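Report on the following structure.
The values are calculated or read from the model by the stated rules, or taken from the named source; none is laboratory data. What you see is a predicted model; the values in this text were computed from it and never measured. Cβ coordinates were reconstructed from backbone atoms using ideal geometry, including for glycine residues, and neighbour counts include every protein chain displayed. To get the accessible areas, we keep the full protein, side chains included, count just its heavy atoms, and leave off ligands, DNA and RNA. Shrake-Rupley method; radii C 1.70, N 1.55, O 1.52, S 1.80 Å.
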Amino acid sequence: MNISASTVKDLRERTGAGMMDCKNALVETNGDIEKAIDLLREKGLSKAAKKSGRIAAEGLVEAYIHSGRIGVLVEVNSETDFVAKTEEFKQFVKDIAMQIAASNPKYVSRDEVSEEEIAREREVLTQQAINEGKPEHVAAKMVEGRLEKFFEQICLLDQNFIKDPDVKIRDLLNEKIAKIGENLKIRRFARFEVGEGIEKKEENFADEVAKQINM
């Protein structure tokens, strides 16, 4: 399979792995760069994968307020205080806070989603497929696909980056780990929206935040 040099370069920049390792991973995954990233991580060839086990206990807590209507606090960790003070790290943390404001995730990663919540969602999706009259084997595939969409909605790392929808937050994080040279971790966040939980006129502030960020 012919893999372009630009695709290999892109994979190298996103993972920090060697040129031949990147090329071989792309050949093995038929040119699918997202699958190639996962493959490199599984093989321990990605710098991000090698650093993921190191302790990250420094970092920053960022506050982001949008129009006095949405507020976010997020903690992102680094290995050293030196990295935490760099402009690149600070901008990354700010971008994550804005992402949370705009996309309103419930969790950092799917590992935090309980088995009960996943089972409940799977049951709802299965019933939807049955109600649509889909054959059993088709319904099963539909449920898995829709379950992935469910994770994209509620898990920060599975979401598309608001500034570049072609990039997942997980990939953005791995890019920064490879570039900065330290393990980084989005540890926790809290998001507040005026009137949340109170019955009121429908207003989608998250959409408003996303639109302003992309202007």
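Here are a few things to note about the model shown:
- For the range 36-163, the relative contact order comes to 19 percent (Cα pairs under 8 Å, sequence separation of at least 6).
- Net charge contributed by nearby residues that have their C-beta within less than 11 Å of F82 (K/R +1, D/E -1): -3
- Accessible area of the chain belonging to carbon and sulfur atoms, whole % at 1.4 Å probe: 49 percent
- Checked against a 20 Å cut-off, the cross-linked pairs K35/K149; K106/K185; K163/K211; K23/K149 give Cα-Cα distances beyond that limit for K23/K149.
- By the Cα gyration tensor, the chain has an equivalent ellipsoid whose semi-axes, rounded to whole angstrom, run 30, 27, 15 from largest to smallest.
- Relative intensity, log₁₀ I(q)/I(0), of the range 95-215 from a Debye sum that treats every alpha carbon as a point, q = 0.11, 0.22 Å⁻¹: -0.50, -1.23
- With R₀ fixed at 22 Å, the C-beta to C-beta distance from E34 to M142 puts the FRET efficiency at about 0.55.
- Gained length - E13 relative to V113, 0.36 nm times residue gap less alpha-carbon distance: 32.9 nm
- 1.4 Å probe accessible area per residue over the chain, in Å²: 58 Å²
- Mean residue ellipticity, 222 nm, helices only, the chain: the sum of -39500 (n - 2.57) across DSSP H runs of n ≥ 4, divided by residue count and rounded to 500, is -16000 deg cm²/dmol.
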